[in-house]
Amino acid sequence: MTAAEPPWHVMHTHPPAEADPAPAQASLAQASSAHPVTRIVAASPWYETGFMELAQAHELLLVFTWRQIGVQYKQAILGIGWAVLSPLMSTVVFTFVFGNLAAIPSEGLPYPLFVLSGLITWQYFARAITSGSNSIVGNSHIITKVYFPRMILPLSAVLAGLVDYAVNLVVLLLLMVFYGRAPGVELLLLPVFLVLATMIGFAFSLWLSALNALYRDIGFMIPIALQAWMFLTPVIYPTGLVPDGWTWLLQLNPMTVVVQGARWAVLPDATPPDLLGVAFLAGEFVLLFLGGVVTFRKIDAILADRI
């Protein structure tokens, strides 16, 4: 009885003889001449490509901005009514505490008008900082899948807050009618201060959104910093109430000119912005924006791996 044959078999093969390398080199040379050679070089500096990318992706910017507006009040019963309720409730509280109990002066204006005119500008800036700083982390699922100019994310978050500001501005104008006040020709300068608030919010968002993607502690620090920053800004009190020895602190605050100028544009009886503060604001914005762009571009190179 013979043993059963195993279920496998061994095949002995011999390696093929080496081919002549001359035909292979000839075919490689022909393929190289038939197809163009692609060279990978270093990218151009941010000051050449950064803003050009944003300009070319303006349609994508509109898409992200509209998406941010829709998501902000999605599945909320009051919807955009929350944008009106927040400053109105704050105005009522500040009027009772600081206007009635503390008797803080309001430059001859009704205190509710004084507070609301500064509060809507400040809340637009605060929301721009909050939304802009979370824009990278909140869209990490997109960043890891496809490339697009990342600066669109914080910019769209800042621009989305303009809808809330427009609604609150209408509420402020209606309140002015109730108090028998009317805006003057200075109202035409309101877009200037609104653009300043947008640009400053975007500059800070570039810093904070990039850093928040690496260090999540930034997200916890921002609400605390904004709360303290509001009391260092003439939102609930006039600049004349600050002692002379502390006026330099107001001058260094970039939002002093913005809040004070926006209030003056709507309420001509308010104090106009100081020219020295405008000069400080211009210098601070240049440093903030350039530093924010450089920081954002450096962190952008490692975002997909670290986020």
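The values are calculated or read from the model by the stated rules, or taken from the named source; none is laboratory data. This structure is a prediction, so every number in the text was calculated from the model and none was measured. Every residue, glycine among them, receives a Cβ derived from its backbone with ideal geometry; neighbour counts consider all protein chains shown. All accessible areas refer to the heavy atoms of the entire protein, side chains included, with ligands and DNA or RNA removed. Shrake-Rupley method; radii C 1.70, N 1.55, O 1.52, S 1.80 Å.
About its Cα centre, the dipole of region 141-261 is roughly 340 debye, where the only charges are +1 on Lys and Arg Cβ and -1 on Asp and Glu Cβ.
Label-point separation (nm) for residue 82 and residue 52, each offset 7 Å from Cα along Cα-to-Cβ? Roughly 4.1 nm, to one decimal. Rolling a 1.4 Å probe over the protein chains gives residue 127 an accessible area of about 60 Å².
Sorting 221, 255 by solvent-accessible area of protein heavy atoms yields 221, 255, largest first, with a 1.4 Å probe.
Our note on the geometry: Cα centres of region 120-196 and region 210-233, 18 Å apart. Each residue of region 196-307 gets 107 Å³ once the volume of the Cα convex hull is shared out per residue.
Counted over all Cα-Cα pairs of region 209-248, pairs farther apart than 14 Å make up 60 percent. Backbone geometry of region 222-239 corresponds, through the Karplus equation with coefficients 6.51, -1.76 and 1.60 at θ = phi - 60°, to 3J(HN,Hα) couplings of 4, x, 5, 5, 5, 5, 5, 5, 4, 6, 8, 10, x, 8, 9, 9, x, 5 Hz, x marking Gly and Pro. In plain terms, if you count all Cα to Cα distances in region 171-231 and split them into 10 Å steps from zero, the share in each step is 17, 30, 26, 19, 8, 0 percent. Radius of gyration (Cα atoms) of region 64-196, expressed as a multiple of 2.2 N^0.38 Å: 1.24. Of 271, 285, 239, which is farthest along the charge dipole of region 222-307 in the positive direction, counting Lys and Arg as +1 and Asp and Glu as -1 at C-beta? Farthest towards the positive pole: 285. A Förster distance of 35 Å, applied to the separation of the beta-carbon atoms of residue 144 and residue 217, puts the FRET efficiency at 0.95.
Applying the Karplus parametrisation 6.51 cos²θ - 1.76 cosθ + 1.60 with θ = phi - 60° to the phi angles of region 152-168, what ³J(HN,Hα) value in whole Hz is obtained for each residue in order, glycine and proline being reported as x? Whole-Hz 3J(HN,Hα) from phi for region 152-168: 5, 5, x, 5, 5, 5, 6, 5, 5, x, 5, 5, 4, 5, 4, 5, 5.
Relative to its residue count, region 133-180 spans a Cα convex hull of 73 Å³ per residue. Along region 292-298 the Karplus relation, 6.51 cos²θ - 1.76 cosθ + 1.60 evaluated at θ = phi - 60°, assigns HN-Hα couplings of x, 5, 5, 5, 5, 5, 5 Hz to successive residues, with x for each Gly and Pro.
Average 1/r across all pairs of distinct alpha carbons in region 157-204, invert it, and you get the Kirkwood radius: 12.1 Å.
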